[in-house]
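First up is the structure itself, then whatever we jot down about it.
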Amino acid sequence: MGWFTRKITDPDEAFARLISPDKKVAAGAKEEFIANLNHDLVEFLCRHFDEAGNLGQNTLETRLKILEIFAARHDALSNEDLRSILKLLSYPDSVLRETFKEILQSLNEERLRPVTEVLCSTSDTSIRNTLQHAIVHSGILDRLLKKWSEYTTKEKILYLEEIVLLQNPATYPIFMDILKEEVVESKKEEKRIIQVEFGKHIEKIKDPAFLDLCMKNLPNIDPLMWYQVFKCCQYHGEAFFKQIFQDLGRKSEGFRLTVLKLIEQLSDPISYPYLFPYLLDKFKSIPPVVQNTIQAIIKRVADELDAMDEATRNSPKTLERINFFTKPLEECLNDRYMQASKILSECLLRLGRHQPDIILRNLPKIHKYNENYLLSFLKGQELAWRKTLLIDAVCYKELATGRTALLLLSNPTENYIIDTLNSLLLKHFMKVPAPIQAEVINLMMDPRLKRFVEEVLYHQDPALRTRILQILGESGSANALQILVSKMRDPDYSVREAILNLLKLKHFQTPEGTEALMEFLKDTEQSIILHAIELLKERDHPKLLGNFSKLLTSKDPKLREEAHKAIAYVTRRKFIAGFDKLTPEAKYAIGTSLIKMDPTFLEDVTRDLSAPDQRTRVLSARILEVLCDHIPPELKTNLIVAIQDPDPHVRAVVIMGLGKIGGPSVANMLVEFLKDQDDRVRANAVEAMANVGDLTLAEAILPCLYDKNNRVRANTIMTLWRLGYYQIYDAVIDMLRNPDKWMRASAAYALGELRDARFFPVLVGCLRDPDPDVRRNVVRAMGKLAEPVVVAPYIRPLRFDPDEGVRKAVSEILTAPPKPKAAS
């Protein structure tokens, strides 16, 4: 250093020269700083040390020059100077750290305090090694250790803080000896006094090595000192809790309980995730301790949230922190953690106070496990917040949350519930998931709440009115139909259309529902009336055809046309559905009326002969059997398609119809059915031959004269006679002598249909047949072959026949007027 170094009057100018690229200029500035160094310049240089990263020059070089200035005056640095300089240890460069060793080379007892203050505030191993290097080389440590071995108990108490502040690994055996439980009874009191004093200072130790040592020797440490040790180690955060909980589950019940009680005293949020497995600890005393710890931690976090402004609470960092505490609670809120479920649900409610989604997504579980606390929690909140929460819950994406909210809203004795439901209906209903909407309306059908539903039905939004009505209709509640009817004159078309569609539902397919549906026949919109007609066509009601008939006088031709079709459709439907219950006369009368009303009726029935469903085909065949004489020739194709139907009833009717229609190809087609397995088919085929055949078919028909079935044989006799084949006498006699009464009765019927008087004597011989059915047919046949006056002498004795049917047949002939004579 030169003798004539100038005084620094402008530190900024001097510093500019210090960092100058000109080495000579820089060296001169460095000499000036060294010569003039005082506390103000120390502070000045420390500030520029921090700001060096913002300068254009080499940062490391600049910082190194500053530290070299301090090192050059190491013996003149005061405690205040050291406090400022040691703050620069936070910069981790190893070159800089080595320079700090030079700065501290004059360390002594008077200047030790700034060093121990740093040791008491950091666990950074590199910083601590730098400082410990200075302590060891200063001789302070050796001197203290030497004195300690010579101190009395009183002196150890007086100087204990001094040795603690050094925090050197060489002192740790002393600390562990203090922490160790005294076994010699006479020394226990003395040991306890030192332990108490050590407990006052142990938290100043921030060395990670001391943490490891304490955790390793924890079982040997006096239990009375565990809390002080835990408080000391708590500084290390995650590292401490990770070690303390490692293999804790394998420790004895007493050890676990002691540790967890101390953790409860600390209630450190860092311990939080490690606690949850011990909620299931088999030692009954442990889970309550863990529950209390979790509750205390959450309370602390909730209080912190309460103290924050809204922006801070919603910052990403805070939200991440909330999620850290929420996730384990949510994962454990289940039946497995049943004993802890009340505490866990309370904790979720606390955290959800400022993050409602936590409550919303867990609401079903919270309600399940701690309903009473949930209700009291809600009552304790501000009205607006509670209302918003419950409405959001009903609108929530998870249906279980919505249903739980409705349970909470199911008690209308609470004023806030009525207000909440009213707002839900009027302002938020369309946001509610569809399944929950229905449950909302069902809830609102409570007599105490019904008026709100009726009020909302006059809301200005037709979409809302429609949705409410839709839910009401789908619910099938007792008064749903009444409410729907009250809105059938709604001014909005979409609302009326929605009601119309709702009346299609199964629970409205009742007389009352049909009456409501018929009201739409009076609507002003054509499309609604037409839609109502379509729906009513499938209903049954005594007033249905009457209401359709009223539309036949409408000025709208489309409505008249559709009403006419509807009447025909309903008539047809009822005719087909009740066909079996109708009398033959009613079947024929209604069937012929339908042919007139509905030109497509017979076409549809003949087409149904080829339907895949057998019941449909058979029913069609039975209808055509009644209306066979009215089948038009153009439907012949439909009959031919069905002639090979596996059901004999269908084949029989088709054959009969083809026989009525006729045509050159029909006769040959029918020949193959003369050998059909079914009696009715053969009988109808032979009968049809009379209409479509000629004498050339006699050879094909003759074998049927001796068929096993009475009707086939009778039809054969009649058909051959009509075709001009008269050699039937033997076959007739054979039938009249057959032991089967139905053979004899059918033969008598056939002779009557032939209307040839030559058979009269044959019939007279049968009047004494033992069977009344035969006698009746004989009497009627004789009436067809001769005048009543001719027949009378033969049948008069039968006026007293035991059979009423025979007596009636005789009476009809005897009281019949004479037949008019044919014109000559």
Seminar exercise, completed: Using alpha carbon centers only, the range 278-356 is separated from the range 172-191 by a whole-angstrom value of 40 Å
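Please tell me the relative contact order of the range 742-819 in percent, rounded to the nearest whole number, where contacts are Cα pairs under 8 Å and at least six residues apart. List each step's numbers first, then the result.
Values: 89 pairs, mean separation 23.7, N = 78.
Over the range 742-819, the number comes to 30 percent.
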Problem set entry | For the chain, size of Cβ-based charge dipole, Lys and Arg +1, Asp and Glu -1, in debye | 3220 debye
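Any idea of the accessible area per residue across the range 742-819, 1.4 Å probe, to the nearest Å²?
Numbers: 4020 Å² over 78 residues.
I get 52 Å² per residue for this part.
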Problem set entry | Mean ellipticity per residue at 222 nm, deg cm²/dmol - from DSSP H runs of n ≥ 4 across the chain, formula -39500 (n - 2.57) | -19500 deg cm²/dmol
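May I ask which of LYS636/LYS675; LYS522/LYS565; LYS317/LYS431; LYS154/LYS180; LYS299/LYS379 have a Cα-Cα span longer than 21 Å here?
Details: LYS636/LYS675 23 Å; LYS522/LYS565 18 Å; LYS317/LYS431 31 Å; LYS154/LYS180 19 Å; LYS299/LYS379 19 Å.
Table pairs above 21 Å Cα-Cα are LYS636/LYS675; LYS317/LYS431.
Would you mind working out the accessible area per residue for the range 110-238, using a 1.4 Å probe, and quoting it in Å²?
Details: 6290 Å² over 129 residues.
I get 49 Å² per residue for the range 110-238.
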Seminar exercise, completed: Taking placed amide H atoms and a strict 5 Å upper bound, the residues 5 or more places from LYS180 or on another chain that come that close are ASP222
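Sort 319-332, 149-162, 465-478 by the packing proxy (mean of other Cβ within 10 Å over each peptide's residues), most packed first. Intermediate results must be reported in sequence, preceding the final value.
Details: 319-332: 15.8, 149-162: 13.1, 465-478: 19.2.
Going by the mean number of other Cβ atoms within 10 Å, highest first, we get 465-478, 319-332, 149-162.
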For this session: Would you please put 806-815, 724-733 in order of how densely packed they are, using the mean number of other Cβ atoms within 10 angstrom per residue and starting with the highest?
Result: 806-815, 724-733
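What does the extension gain come out to for SER475 and SER285, with contour length at 0.36 nm per residue minus their alpha carbon separation?
Working: separation 190, 0.36 × 190 = 68.40 nm, distance 5.17 nm.
Contour length minus Cα-Cα distance gives 63.2 nm.
Calculate what fraction, in whole %, of the accessible area of the range 287-429 sits on carbon and sulfur atoms when a 1.4 Å probe is rolled over the protein chains.
On the way: 3360 of 6730 Å².
For the range 287-429, the apolar C and S fraction of the accessible surface comes to 50 percent.
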Exercise. Using alpha-carbon pairs under 8 Å, 6+ residues apart, how would you state the relative contact order of the range 11-187 in percent?
Worked result: 16 percent
Problem set entry | the range 605-678-the range 750-785 distance, computed between alpha-carbon centres (Å) | 32 Å
For this session: Report ³J(HN,Hα) in whole Hz for each residue of the range 609-615, in order, from the Karplus equation J = 6.51 cos²θ - 1.76 cosθ + 1.60 where θ = phi - 60°; Gly and Pro get x.
Result: 5, 10, 5, x, 7, 4, 4
Exercise. Taking the simple approach of a point 7 Å from Cα along Cα-to-Cβ for both LYS147 and LEU545, what is their distance in nm?
Worked result: 12.5 nm
For this session: Rounded to the nearest 0.05, what FRET efficiency do ASP247 and HIS137 give with R0 = 41 Å and r taken as the Cβ-Cβ distance? Could you check?
Result: 0.55
For this session: Within 10 Å, count the other beta carbons around each residue, average over each peptide in 507-515, 339-347, and list them highest first.
Result: 339-347, 507-515
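Taking only protein heavy atoms into account and a 1.4 Å probe, give the accessible area per residue of the range 694-738 in Å². Could the numbers behind the result be given before it?
On the way: 2270 Å² over 45 residues.
Averaged over the residues of the range 694-738, the accessible area is 51 Å².
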Exercise. Which lysines have a Cα less than 29 Å from the Cα of LYS23, not counting those fewer than 8 places away in the same chain?
Worked result: LYS7, LYS65, LYS87, LYS101
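What is the calculated FRET efficiency for TYR588 to TYR458, with r their C-beta to C-beta distance and R₀ = 56 Å, to the nearest 0.05? It would help to have the intermediate numbers written out before the result.
Details: r = 56 Å, r/R0 = 0.99.
It comes to 0.50.
How big is the range 156-206 by the Kirkwood estimate over distinct Cα pairs, in Å?
Numbers: mean 1/r = 0.0888 Å⁻¹.
Every distinct Cα pair counted, the radius reaches 11.3 Å.
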Problem set entry | Options ALA26, LEU45, ILE8, ranked by Cα towards positive dipole end of the range 7-61, top entry (Cβ charges) | ALA26
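Between ASN79 and GLU161, what is the FRET efficiency for a Förster distance of 22 Å, r being their Cβ-Cβ separation, to the nearest 0.05? It would help to have the intermediate numbers written out before the result.
Values: r = 17 Å, r/R0 = 0.79.
The computed FRET efficiency comes out at 0.80.
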Exercise. How big is the chain by the Kirkwood estimate over distinct Cα pairs, in Å?
Worked result: 40.1 Å
Problem set entry | Shape box of the range 684-824 [Cα atoms, principal axes, largest first, Å] | 45, 44, 22
Problem set entry | Check: the range 475-530 dipole with +1 on Lys, Arg Cβ and -1 on Asp, Glu Cβ, in debye | 140 debye
Seminar exercise, completed: Cα-based Rg then Dmax for the range 11-187, in Å, read 19.9, 74
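Could you order LEU426, LEU627 so the one with the most accessible surface comes first? Probe is 1.4 Å.
Final ranking, largest accessible area leading: LEU426, LEU627.
What part of the accessible area of the range 728-793, given as a whole %, is carbon or sulfur when the probe is 1.4 angstrom? Numbers along the way, then the final one.
Details: 1600 of 3020 Å².
Roughly 53 percent of what the probe reaches on the range 728-793 is carbon or sulfur.
Given axes a ≥ b ≥ c from the Cα gyration tensor, I'd like to know whether the range 742-819 is rounded (a/c under 1.5), prolate (a/b larger than b/c) or oblate. Each step should come with its number before you reach the end.
Working: a/c = 1.65, a/b = 1.02, b/c = 1.62.
Oblate is the answer for the range 742-819, as a/c is 1.5 or above yet b/c matches or exceeds a/b.
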For this session: Please name whichever of ALA134, LEU158, THR59 sits farthest to the positive end of the charge dipole of the range 11-187, dipole taken about the Cα centre and charges placed at Cβ: Lys and Arg +1, Asp and Glu -1.
Result: ALA134
Exercise. Ordering HIS564, HIS531 from largest to smallest accessible area (1.4 angstrom probe), what's the sequence?
Worked result: HIS564, HIS531
Exercise. Given the Cα-Cα distance of GLU625 and ALA296 and 0.36 nm per residue of separation, how much length would full extension add, in nm?
Worked result: 109.4 nm
Seminar exercise, completed: In terms of the charge dipole of the chain, which places +1 on Lys and Arg and -1 on Asp and Glu at the beta carbon, the residue among TYR794, ILE418, SER475 farthest towards the positive end is TYR794
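Taking the Cα centre as origin and putting +1 on Lys and Arg beta-carbons and -1 on Asp and Glu beta-carbons, what dipole magnitude results for the range 303-407, to the nearest 20 debye?
320 debye
I'd like the carbon and sulfur percentage of the solvent accessible area for the range 11-187, probe radius 1.4 Å, heavy atoms only, ligands and nucleic acids excluded.
Numbers: 4340 of 8660 Å².
About 50 percent, which is the carbon plus sulfur part of the accessible surface.
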For this session: Can you sort HIS39, HIS649 by 1.4 Å-probe accessible area, starting with the largest?
Result: HIS39, HIS649
Seminar exercise, completed: The ³J(HN,Hα) series, computed from each phi in the range 200-214 with the Karplus coefficients 6.51, -1.76 and 1.60 at θ = phi - 60°, rounded to the nearest Hz and given as x for glycine or proline, is 6, 10, 4, 5, 6, 7, 10, 7, x, 5, 5, 4, 4, 5, 5
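The values are calculated or read from the model by the stated rules, or taken from the named source; none is laboratory data. This is a predicted model, so every value here is computed, not measured. FYI the Cβ positions are ideal-geometry reconstructions off the backbone, even for glycines, and counts take in every protein chain you see. Note: areas computed on protein heavy atoms with side chains; ligands, DNA, RNA excluded. Shrake-Rupley method; radii C 1.70, N 1.55, O 1.52, S 1.80 Å.
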